[in-house]
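Q: Pasting in a structure now, in structure tokens, and then I'll have a few things to ask.
The values are calculated or read from the model by the stated rules, or taken from the named source; none is laboratory data. Worth saying up front: this structure is predicted, and the values here are computed from it rather than measured. Heads up, the Cβs are rebuilt from the backbone with ideal geometry, glycines too, and the neighbour counts pull from every protein chain shown. Just so you know, the surface numbers come from the protein's heavy atoms only, side chains and all, with ligands and any DNA or RNA stripped out. Shrake-Rupley method; radii C 1.70, N 1.55, O 1.52, S 1.80 Å.
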Amino acid sequence: DVSVQTSMRGEVWLVIVLILLTGSWTLRVDAAKRAAPRKRELLAEHGPVSESTEESGLLLPTVTAATLYEKSRQWHQEGARIKGTGLRPVLGYVTPWHPAGYEFSVLFRAKLTHVSPVWYQLRRAKVDSSKEWVLVGGHEYNETWINSVRQPGGMQESCVAVEEVAEASCSATNAEVTTRVVPRVVVEVDEAQDHLDLVQSPEAAIEAIVKEVESRDYDGIVLEVWMTWAFMNGISNDAFRAAAFAFIQRLSSSLRALQPSGTGGSRQLILAVPPVVPSAPSRPRIDPAHMDQLAAFVDA
């Protein structure tokens, strides 16, 4: 039958055309893959370098993310020798999930007055029918690192001020300064009632913190809870704020009542707070009047 033969020829030609098109597309894809540049493996370069930050190109608007990563663990060869002036506190955080932070905190300890390892959480645990305050995170304690970061002087060979102060003043301020270790304690509870219980009946929580500070010979702590209080509108509530300030004062007094730490100073309380001028109007801020109230019993 002529119509059947014509239909079959059409189907054959259609199949041939599809095969040719598919083959052509495959060839083009393969050619594109061969032509595409191979992605280079990113390796972070570690150690001191002679070029400055300006010379490295890191300040250029065209700098790439790959370049930032590769140079993220470099520092100028003179950087570790330059000490801070000691005119104001300089605190650095160290996190357990970033091991290089431990190394850098020791290497650059001459620039730091305080180092805060992010180790502790103050939580509430159910015991029978009641709740008790527990301090967890002590398993992160690293005595070898603490002893290393407390070694005076760092890699400095001569006192070099980073601000316009006299050389004699710089030397007198920094000659035998030991970096203080003040682990962070974050209050990790979700219910507003738990926060209310903390500020109204803080004895057990304070005891747990002070006991750990004394047994580990820390120089104090960094307390992180203010932002939570701000988001739950506690700071804006006069009654809660008064109780919260009383809690902070009692904690500070308890720390200061301990014998001086191994570095020779009294135990300190550092409070993590938002800035006076936030990055956006909707962001939390601290009222300067509140800072004035806290200044009497908070060290920084």
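Q: Only residues that are under 27 Å from residue 262 (Cβ atoms), at pLDDT 90 or above and open to solvent by 60 Å² or more (accessible area, probe 1.4 Å): list them for the range 143-196, please.
A: 143, 144, 147, listed by residue number.
Q: Condition test on residue 273, is it surrounded by 19 or more Cβ atoms within 10 Å (Cβ to Cβ), in a loop (DSSP other than H, G, I, E, B) and among the hydrophobic types (A, V, I, L, M, F, W, C)?
A: yes
Q: Take residue 28 and tell me if it is of a type in the set (Lys, Arg), touching a His at 6+ places or on another chain (Cβ under 7 Å) and at pLDDT below 80.
A: no
Q: If I ask for residues that are of a type in the set (Ser, Thr, Tyr) and under 16 Å from residue 100 (Cβ atoms), which ones from the range 41-75 would you list?
A: 69, 72
Q: Quick check on residue 249: is it open to solvent by 50 Å² or more (accessible area, probe 1.4 Å) and either in contact with a helix residue (DSSP H, G or I) (Cβ under 8 Å, 6 or more places away or on another chain) or touching a residue at least 40 places away in the same chain (Cβ under 8 Å) (or both)?
A: yes
Q: Then there is this: I need a count of the residues in the range 112-132 that are more than 18 Å from residue 196 (Cβ to Cβ), open to solvent by less than 70 Å² (accessible area, probe 1.4 Å) and of a type in the set (S, T, N, Q).
A: Within the range 112-132, residues that are more than 18 Å from residue 196 (Cβ to Cβ), open to solvent by less than 70 Å² (accessible area, probe 1.4 Å) and of a type in the set (S, T, N, Q) number 3.
Q: Name the pairs: first residue in the range 40-51 and open to solvent by less than 90 Å² (accessible area, probe 1.4 Å), second residue in a loop (DSSP other than H, G, I, E, B) and among the small types (Gly, Ala, Ser), Cβ to Cβ under 6 Å, at least 6 apart or on different chains?
A: 44/72
Q: Another question, then. Just to check your reading of the model, which residue among 89, 37 is modelled with pLDDT under 65 and part of a loop (DSSP other than H, G, I, E, B)?
A: After applying the criteria, what remains is 37.
Q: May I pose another question? Which condition number in (1) touching a Phe, Trp or Tyr at 6+ places or on another chain (Cβ under 7 Å); (2) among the polar types (S, T, N, Q); (3) surrounded by fewer than 18 Cβ atoms within 10 Å (Cβ to Cβ); (4) closer than 18 Å to residue 208 by Cα is the one that residue 293 fails?
A: Unmet for residue 293, out of (1) touching a Phe, Trp or Tyr at 6+ places or on another chain (Cβ under 7 Å); (2) among the polar types (S, T, N, Q); (3) surrounded by fewer than 18 Cβ atoms within 10 Å (Cβ to Cβ); (4) closer than 18 Å to residue 208 by Cα: (4).
Q: Quick check on my filter: what residues within the range 90-111 are surrounded by fewer than 15 Cβ atoms within 10 Å (Cβ to Cβ) and touching a residue at least 60 places away in the same chain (Cβ under 8 Å)?
A: Those that are surrounded by fewer than 15 Cβ atoms within 10 Å (Cβ to Cβ) and touching a residue at least 60 places away in the same chain (Cβ under 8 Å): none in the range 90-111.
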